[in-house]
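Report on the following structure.
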Amino acid sequence: MRGYQFLQNDFFELCQTREIGHTPMLLYIYLRGLFCRFQKPIVTWQDKQTRKHLGISQSTLLRAREYLQIRGMITFVSGKGSRHTEYTMLGTVLLPVIKKTIGCRHTKHTGYRQNDDTYNTSKERLKNRVEGEIFKGISEEDKAFLKNRGLYD
């Protein structure tokens, strides 16, 4: 199921030992949800939406973000004007592991396959092969020395 996060039983104890308060913890759980939803460590999101969903003021949001950044859990670039805030989730014990979901086998694949035609690549290798041109001016003694080293066919 995409966008689902699971809080392990020790999540709240870990937050307590790291002295993370209620509001920063609430913001971190919210950002974890965005992380799980978009399946990317960098998420851009509106402050207005965050404040509305969490029921906090702008100053409380700013303090909670700065607190989490000081603790090394996130980094953020605050958006100015109509730009959204960019959050980067840093890899900690509290961050969930994203498991790739396996698609249904009946769905049609839309991607392109990489051209793995070995016949063409071997033909290209044969065409571009240089037999003895590299060793054109080498004496027989030097050729024998290179053969002993495994550098000459």
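The values are calculated or read from the model by the stated rules, or taken from the named source; none is laboratory data. Since this is a predicted model, take the numbers as computed values, not measurements. Positions of Cβ are backbone-derived with ideal geometry, glycine not excepted, and every protein chain shown enters the neighbour counts. Heavy atoms of the whole protein, side chains included, go into the accessibility calculation; ligands, DNA and RNA do not. Shrake-Rupley method; radii C 1.70, N 1.55, O 1.52, S 1.80 Å.
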Within the range 39-76, which residues are open to solvent by 80 Å² or more (accessible area, probe 1.4 Å) and among the aliphatic types (A, V, I, L, M)?
Ile42, Ile70
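Pick out the one residue from Arg105, Arg51, Arg83, Arg63 that is basic (Lys, Arg), at pLDDT 85 or above, over 25 Å from Gln16 (Cβ atoms) and over 25 Å from the mean Cα position of the chain (by Cα).
Numbers: Arg105 fails: at pLDDT 85 or above; Arg83 fails: over 25 Å from the mean Cα position of the chain (by Cα); Arg63 fails: over 25 Å from Gln16 (Cβ atoms).
Exactly one of Arg105, Arg51, Arg83, Arg63 is basic (Lys, Arg), at pLDDT 85 or above, over 25 Å from Gln16 (Cβ atoms) and over 25 Å from the mean Cα position of the chain (by Cα), namely Arg51.
Here are Gln58, Gln69, Gln114, Gln39: which of them is over 15 Å from the mean Cα position of the chain (by Cα) and modelled with pLDDT under 90? Break it down stepwise before answering.
Working: Gln58 fails: modelled with pLDDT under 90; Gln69 fails: modelled with pLDDT under 90; Gln39 fails: over 15 Å from the mean Cα position of the chain (by Cα).
When all the criteria are applied, what remains is Gln114.
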Subset of the range 1-36 that is among the charged types (D, E, K, R) and modelled with pLDDT under 80 - its residue that is most open to solvent (accessible area, probe 1.4 Å):
Arg2
